[in-house]
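**Q** Structure provided below as structure tokens; questions to follow.
The values are calculated or read from the model by the stated rules, or taken from the named source; none is laboratory data. All figures in this text were calculated on a predicted structure; none of them were measured in a lab. So basically every Cβ, Gly included, is an ideal-geometry build from the backbone, and we count neighbours across all protein chains shown. When the accessible area is computed, the model is the full protein with side chains, heavy atoms only, and any ligands, DNA or RNA have been set aside. Shrake-Rupley method; radii C 1.70, N 1.55, O 1.52, S 1.80 Å.
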Amino acid sequence: VVAPIVAIRRRQRRGLAQSGSWARPLLYFGALGLGFILVEVALVQRSILFLDHPAQALSVVLFGVLLFSGIGSALSPRLPWPGVLGALAAAIAAYPWLVRAVFSAFLGHPLPVRVLVTLVLLAPVGLMMGVPFPRGLRALGDTSPSWVPLAWGVNGFASVVSAIAAAIIALSWGFTFVFAGAALAYLVALAAAWRGVWIDGLTREAAAGVARTSPP
């Protein structure tokens with residue numbers, strides 16, 4: 001995290017990098033790292049009883065989250081960026097009650113059915129979780145490419161911290177608060193992105209491209 005900041009500031013002083021603050025990208029990509037892992041950890045814990053064993057819960061949840069977030073990343077250029085962040089925060093906030101109700105209804109079914117139910121339950125939130133990171137990187141690369149290493153560093157750092165934070169929150173207040181923390185993280189990302197300089201720049205660039213290709 002520190003090395004890209006130092007490099008960016010040196011390049012800015014030499015006129016080799018875009019001027020401006022790195023605070024919004026730092027906040028945005030840090031919040032994404034926190035939110036993503038908090039959701040994963042909470043979903044794994046909620047699935048242990050439903051899928052009979054911690055190893056099975058970990059395997060199914062990680063597979064589902066990574067599969068659907070990968071699909072969401074592929075679809076991200078076609079999806080509304082701020083809208084997805086807002087919907088994702090709302091969905092995560094509702095998931096403790098949704099997961100409890102669905103798992104209670106299917107608890108007596110065979111394991112393959114329960115695995116399928118778990119994957120179906122993961123699909124909507126997984127798809128949305130795959131959108132913010134590639135969209136943010138694309139916009140950042142278009143407007144401030146020298147900040148991209150900082151985005152990766154902050155996101156990776158926050159992901160590691162988030163795994164520890166999830167355990168602390170769960171032991172102190174329960175896994176419902178882990179979901180709440182994830183929803184809050186995505187709301188912070190939405191606030192950082194809403195008027196972020198890289199989004200403004202991308203919007204202006206897109207508008208200019210439309211104007212260039214429009215017939216007179």
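**Q** Would you mind checking the tilt of helix 148-173 against the longest principal axis of the Cα atoms of the chain, expressed as 0 to 90 degrees and rounded to 10?
**A** On a 0 to 90 degree scale, this one is about 30.
**Q** Take every Cα-Cα pair in the range 18-94 and report what % of them are more than 15 Å apart.
**A** The answer is 68 percent, as a whole percent.
**Q** With the radius of gyration and the Kirkwood radius both derived from the Cα set of the chain, what is their ratio Rg to Rh?
**A** We get a ratio of 1.05 for the chain.
**Q** Tell me the per residue accessible area of the chain using a 1.4 Å probe; a whole number in Å² is fine.
**A** Heavy-atom accessible area per residue stands at 50 Å².
**Q** Quick one: net charge around Ser69, please, counting Lys, Arg +1 and Asp, Glu -1 for every other residue with C-beta under 15 Å from its C-beta.
**A** Net local charge, Ser69 excluded: 0.
**Q** May I ask for the angle, rounded to the nearest 10°, between helix 197-213 and the longest principal axis of the chain, with both axes built from Cα atoms and the value confined to 0 to 90°?
**A** Around 70 degrees separate the two axes.
**Q** With every protein chain kept in the model, how would you rank Leu32, Leu107 by accessible area, 1.4 Å probe, largest at the top?
**A** Leu107, Leu32
**Q** Here's a follow-up. Relative contact order (percent) for the chain, with alpha-carbon contacts under 8 angstrom and 6 or more residues of separation?
**A** Averaging sequence separation for qualifying contacts and normalising by length gives 40 percent for the chain.
**Q** Would you compute, from DSSP H runs of 4+ residues alone, the mean residue ellipticity of the chain at 222 nm, taking -39500 (n - 2.57) per run and dividing by the full residue count, rounded to the nearest 500?
**A** -29000 deg cm²/dmol
**Q** Round to the nearest 10 and give me the degree value, 0 to 90, for the angle of helix 132-143's Cα axis relative to the longest principal axis of the chain.
**A** For helix 132-143, the angle is close to 10 degrees.
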